[in-house]
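Only one structure is covered here, and it is reproduced in the block below.
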Amino acid sequence: MMSTPPTLAAWLHTLDPFVVAFPDSFPIAGLRWYGTAYLLAFFIGYLLIRRVTRSGKSPLPTDHVIDFVMACIMGLLIGGRVGYVLFYDRSLLGMIDGPPYWGVLAINHGGMASHGGMIGGLLGCAWFAWRQKLPTLHLIDVMAFAAPLGIGLGRIANFINGELWGRTVDASFAWAVRFPQETLAGDELERLQAGDTDLIALAEQITPARHPSQLYAAILEGLVVFAVVAFVYRRPVKPGVAAAWFALTYAPVRIVNECFREPDGHIGFDALGLTRGQWLSVLLFVLGLVLLWFAKSRKSAALGGWR
């Protein structure tokens, strides 16, 4: 008599969002994985950009790399937050609450948009290029080469935080995850993450199983996009080509990943049943095509490359 194979159960997310938690007497709760991911992303970006400048085919001096990275960081952070407010939650424009009082500045409650970060990064590149009299499109290429791995780290941090979870799936799905952040909060969530067996049992009963879309995004938006851009940028290219391929790769993989990600509850689906992120990615893909045509048609010397 053949036995029935056991049914796989969805994994319950019990990861602590803190790398290090400080005592209550400290002014801050501790060091979070999310902030650590940002710091590591900026450091990796710095190393990759320095690699390009040391190839001898970039007009960006190696001793200016840290200044360029700082300009990009400021652009990415401001653009990411402003983009979230404008693209996903405009109610924050009129929200006045406790510190930091204005909803736009309340980054402690989360809310960063990757498409907004890209716009901010472009503006940071343009400002630095203007100040240093360097070719703007070349600097955008350099940023496009350095950014994908950082995006992937950010998605891993989203998974650890238990945010931006995926759409529901059958609990027998091999990668199914239950995010207790969906059903528990505050002290109960902290007790669960500390190993409270009663709360763990409760969360396993009441929390739906979902796709770990954050990890899908880490692979697609991080590793896949980096692999494509790194291949294109292995040798000097006309300024703008590497950035165009970033857009042409990121946009479709983001559209695919959004099919597994739960839409924002206050937005839902937009026209044609697409999410806000998918429509922004469609626009990004069109802009990538335009940029590739523009870069290829210009009479300009090839620059950059990491080999």
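The values are calculated or read from the model by the stated rules, or taken from the named source; none is laboratory data. Being a predicted model, the structure only gives us computed values, none of them experimental. Ideal geometry is used to build each Cβ from the backbone, glycine not excepted, and the neighbour counts take in all protein chains shown. The protein model used for the area step is the full one, side chains on, heavy atoms only, and it has no ligands, DNA or RNA in it. Shrake-Rupley method; radii C 1.70, N 1.55, O 1.52, S 1.80 Å.
Only one of 188, 163 is free of Cβ contacts under 8 Å to residues at least 60 places away in the same chain, charged (D, E, K, R) and either in contact with a Pro (Cβ under 8 Å, 6 or more places away or on another chain) or within 24 Å of residue 279 (Cβ to Cβ) (or both). Can you tell me which?
Being free of Cβ contacts under 8 Å to residues at least 60 places away in the same chain, charged (D, E, K, R) and either in contact with a Pro (Cβ under 8 Å, 6 or more places away or on another chain) or within 24 Å of residue 279 (Cβ to Cβ) (or both) holds for just one of 188, 163, which is 163.
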Matching residues, the stretch 194-247, being of a type in the set (Ser, Thr, Tyr) and either open to solvent by 40 Å² or more (accessible area, probe 1.4 Å) or more than 29 Å from residue 297 (Cβ to Cβ) (or both): 197, 207, 213, 216
Options 294, 285: the member that is open to solvent by 50 Å² or more (accessible area, probe 1.4 Å), assigned to a helix (DSSP H, G or I) and within 19 Å of residue 116 (Cα to Cα): 285
Count of the stretch 30-76 residues which are part of a helix (DSSP H, G or I) and either farther than 18 Å from residue 144 by Cβ or open to solvent by 50 Å² or more (accessible area, probe 1.4 Å) (or both): 21
